[in-house]
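Trainee: What follows is a single structure, and I will ask about it in a moment.
The values are calculated or read from the model by the stated rules, or taken from the named source; none is laboratory data. Note that the structure is predicted; figures quoted are calculated from it, not measured. Here the Cβ positions follow ideal geometry from the backbone for every residue, glycine too, while neighbour counts run over all protein chains shown.
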Amino acid sequence: MKLLVIYGPPASGKLTVANELARLTNFKNFHNHKTIDVFKDILEFGSKEFWDRVRELRIEMIELATKKNINLIFTLCYTSGDEWYIDEFKKLAKKYKSELYFVRLDCSKEELLKRVGEKSRRKFGKIVSKEELVKVLNENDFFLKVRHNNLLEIDNSHMKPSEAAKDIKKHFNL
């Protein structure tokens with residue numbers, strides 16, 4: 001089993017690249033908004049209980065895929081405080097003898113601000129206003145690097161999602 005984690009700031013193209021990569025490979029795409037959507041109508045968004053439940057479900061689903069030997073792409077807005085995710089992914093990879101890969105998508109702030117208003121973002125309740133994106137970018141450090149041997153960094157500011165997906169597939173020989 002292979003787990004590929006695509007992370008980066010909001011509007012960096014994580015879901016779009018993940019969809020392209022899933023199309024090119026036998027990987028399933030388990031993007032981060034799937035778990036958010038499960039709880040957003042029941043629990044107060046952003047509350048401790050909300051994020052605790054989201055995290056639990058994410059790990060449970062990733063472990064299920066790992067047990068079932070399903071190659072998986074997971075997307076994440078990684079910030080300080082999310083290091084525990086990396087620890088959990090490493091534990092699961094070790095426990096189930098799986099391969100673990102990370103892709104850090106980076107994008108210029110100008111491009112992030114341009115992309116944030118795209119219609120496709122509304123479908124999953126993502127940030128869609130420039131003002132909200134600027135606020136979130138100022139409050140969080142989305143530009144941290146995961147410490148792991150299997151890390152690929154891609155600046156996709158001027159790159160088509162299909163090109164980024166092809167680069168990922170080639171780099172990790174997926």
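Trainee: So, of the residues in the stretch 158-174 that are assigned to a loop (DSSP other than H, G, I, E, B) and more than 15 Å from ALA18 (Cβ to Cβ), which turns out to be modelled with the lowest pLDDT?
Mentor: The first filter runs over the stretch 158-174 and keeps only residues assigned to a loop (DSSP other than H, G, I, E, B), leaving 158-160, 173-174.
From what is left, the residues that are more than 15 Å from ALA18 (Cβ to Cβ) are 158, 173.
Numbers: HIS158: 93, ASN173: 96.
It comes out as HIS158.
Trainee: What residue, of LEU100, LEU64, is in contact with a helix residue (DSSP H, G or I) (Cβ under 7 Å, 6 or more places away or on another chain) and either farther than 16 Å from VAL136 by Cα or aliphatic (A, V, I, L, M) (or both)?
Mentor: None of the other options fit; the residue is LEU100.
Trainee: I'm checking my understanding of the structure. Among residues of the stretch 29-58 that are modelled with pLDDT under 90 and acidic (Asp, Glu), which one is nearest to VAL5 (Cα to Cα)?
Mentor: Going through the qualifying residues, I end up with ASP37.
Trainee: Check TYR78, TYR85 and return the single one that is assigned to a helix (DSSP H, G or I), within 28 Å of PHE45 (Cβ to Cβ) and of a type in the set (Phe, Trp, Tyr).
Mentor: Of TYR78, TYR85, the one residue that is assigned to a helix (DSSP H, G or I), within 28 Å of PHE45 (Cβ to Cβ) and of a type in the set (Phe, Trp, Tyr) is TYR85.
Trainee: Would you be able to say whether some residue in the stretch 141-157 is under 24 Å from ASP37 (Cα atoms), part of a loop (DSSP other than H, G, I, E, B) and either out of contact with any strand residue (DSSP E or B) (no Cβ under 8 Å at 6 or more places or on another chain) or at pLDDT below 95 (or both)?
Mentor: For the stretch 141-157, residues under 24 Å from ASP37 (Cα atoms), part of a loop (DSSP other than H, G, I, E, B) and either out of contact with any strand residue (DSSP E or B) (no Cβ under 8 Å at 6 or more places or on another chain) or at pLDDT below 95 (or both): present.
Trainee: Now for a separate question. Where residues in the stretch 97-125 are assigned to a loop (DSSP other than H, G, I, E, B) and surrounded by 15 or more Cβ atoms within 10 Å (Cβ to Cβ), which of them is modelled with the lowest pLDDT?
Mentor: In this case the residue turns out to be VAL116.
Trainee: A follow-up question, please. Out of all the residues in the stretch 82-92, is one or more closer than 19 Å to GLU139 by Cβ, exposed (fewer than 13 other Cβ atoms within 10 Å of the Cβ) and at pLDDT below 90?
Mentor: There is no residue in the stretch 82-92 that is closer than 19 Å to GLU139 by Cβ, exposed (fewer than 13 other Cβ atoms within 10 Å of the Cβ) and at pLDDT below 90.
Trainee: Let me ask you something else. How many of the residues in the stretch 126-137 are surrounded by fewer than 17 Cβ atoms within 10 Å (Cβ to Cβ) and outside any helix (DSSP H, G or I)? So that I can check it myself, show each step before the final result.
Mentor: Just the residues of the stretch 126-137 that are surrounded by fewer than 17 Cβ atoms within 10 Å (Cβ to Cβ), to begin with: 128-132, 134-135.
Next cut, outside any helix (DSSP H, G or I) only: 128-129.
Total satisfying the criteria: 2.
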